[in-house]
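Values quoted throughout were computed directly from the atomic coordinates according to the rules given, and no laboratory measurement underlies them. Everything numeric in this text was worked out from a predicted model, so none of it was measured. A quick note on method: Cβ atoms are made from the backbone with ideal geometry, for glycine too, and the neighbour counts reach across all protein chains shown.
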Amino acid sequence: MATTARNIAPLAIDTERYGTTLVLRLAGELDMATATTLGRAAQPDGGTESVILDLESLEFVDSAGLRALYELTQVSRNAGFTLVMVGAQGHVRRVMGLTGLDEMLPLADDTPPI
């Protein structure tokens, strides 16, 4: 059986703050090995009112990564901050659609004004 090696970088998260908005830009792959990294990075402090999760450079997501995104949605509801996920495309958007998570996650095509 032939296998194909993936040349995708591990998860990188760039964080920026604009007033009460936290912006997390994800790149690489969000999978079983990296999902907890997202959970730690996405814990806003008490002054955060909104979190924008930019998925434009995210190249791969597996079921553990999808779960991390869904759990972040639950955390935002419980903690009282607004969460928006932008830029999902290619494989990532396709997997979200196949699993029905595109209807459950706070996805937006454009980045809201900061």
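What is the local net charge at Leu66, summed over the other residues whose Cβ is closer than 11 Å to its Cβ (Lys, Arg +1; Asp, Glu -1)?
Charge balance near Leu66 sits at -3.
Give me, ordered by chain and number, the residues 5 or more places off Ser57 or on other chains with an amide H under 5 Å from its own placed amide H.
Distant-sequence amide H within range of Ser57: Leu26.
Net charge within 14 Å of Leu24 by Cβ-Cβ distance, Lys/Arg positive one each and Asp/Glu negative one each, not counting Leu24 itself?
Spelling it out: positives minus negatives among the neighbours equals -2.
Tell me the mean residue ellipticity at 222 nm calculated for the chain from its helices only (DSSP H runs of n ≥ 4, each -39500 (n - 2.57), averaged over every residue, nearest 500).
-9000 deg cm²/dmol
Counting Lys and Arg as +1 and Asp and Glu as -1, each charge on the Cβ, what is the dipole of the chain about the Cα centre in debye, to the nearest 20?
Values: 8 positive and 15 negative charges, 45 e Å.
With Lys and Arg at +1 and Asp and Glu at -1, about 220 debye.
When N counts the residues of the chain, how does its alpha-carbon radius of gyration compare numerically with 2.2 N^0.38 Å, as a ratio? Show your work: numbers first, answer last.
Details: Rg = 13.9 Å, N = 114, 2.2 N^0.38 = 13.3 Å.
Rg over 2.2 N^0.38 Å, computed on Cα atoms: 1.05.
What are the ³J(HN,Hα) couplings of segment 35-44, residue after residue, when phi is run through the Karplus curve with 6.51, -1.76, 1.60 and θ = phi - 60°? Round to Hz, x for glycine and proline.
With coefficients 6.51, -1.76 and 1.60, one gets 4, 5, 4, 5, x, 5, 5, 8, 7, x Hz.
Nearest 5 is fine: what % of DSSP beta bridges in the chain come out antiparallel, could you say? Display every interim value, and only then the final one.
Numbers: 7 of 23 bridges.
Around 30 percent antiparallel, to the nearest 5.
What does the extension gain come out to for Arg17 and Arg94, with contour length at 0.36 nm per residue minus their alpha carbon separation?
24.8 nm
Given springs between every Cα pair under 10 Å in a Gaussian network model of the chain, which of Asp54, Asp14, Asp31 has the largest fluctuation?
Taking springs between Cα atoms under 10 Å, the residue moving most is Asp14.
From the backbone phi of segment 46-62, what are the Karplus-calculated ³J(HN,Hα) couplings (6.51 cos²θ - 1.76 cosθ + 1.60, θ = phi - 60°) in whole Hz, Gly and Pro given as x?
Each residue of segment 46-62 in turn: x, x, 7, 9, 8, 10, 10, 9, 8, 9, 4, 9, 6, 9, 8, 9, 10 Hz.
Express the C-alpha Rg of segment 16-55 as a ratio against the empirical globular expectation 2.2 N^0.38 Å, rounded to two decimals.
Ratio of Cα Rg to 2.2 N^0.38 Å: 1.21.
Using a Förster distance of 25 angstrom, determine the FRET efficiency expected from the C-beta separation of Glu103 and Gln43, and round it to 0.05. List each step's numbers first, then the result.
Working: r = 26 Å, r/R0 = 1.03.
With R0 = 25 Å, the Cβ-Cβ based efficiency is 0.45.
What FRET efficiency comes out for the pair Ala33/Asn78, r = Cβ-Cβ distance, R0 = 35 Å, nearest 0.05?
The formula returns an efficiency of 0.85 here.
Could you state the angle between the C-alpha long axis of helix 90-99 and the longest principal axis of the C-alpha atoms of the chain, as a value from 0 to 90 degrees rounded to the nearest 10?
Its long axis makes an angle of about 80 degrees.
Could you work out how far helix 63-79 tilts from the main Cα principal axis of the chain, as a 0 to 90 degree angle to the nearest 10?
10
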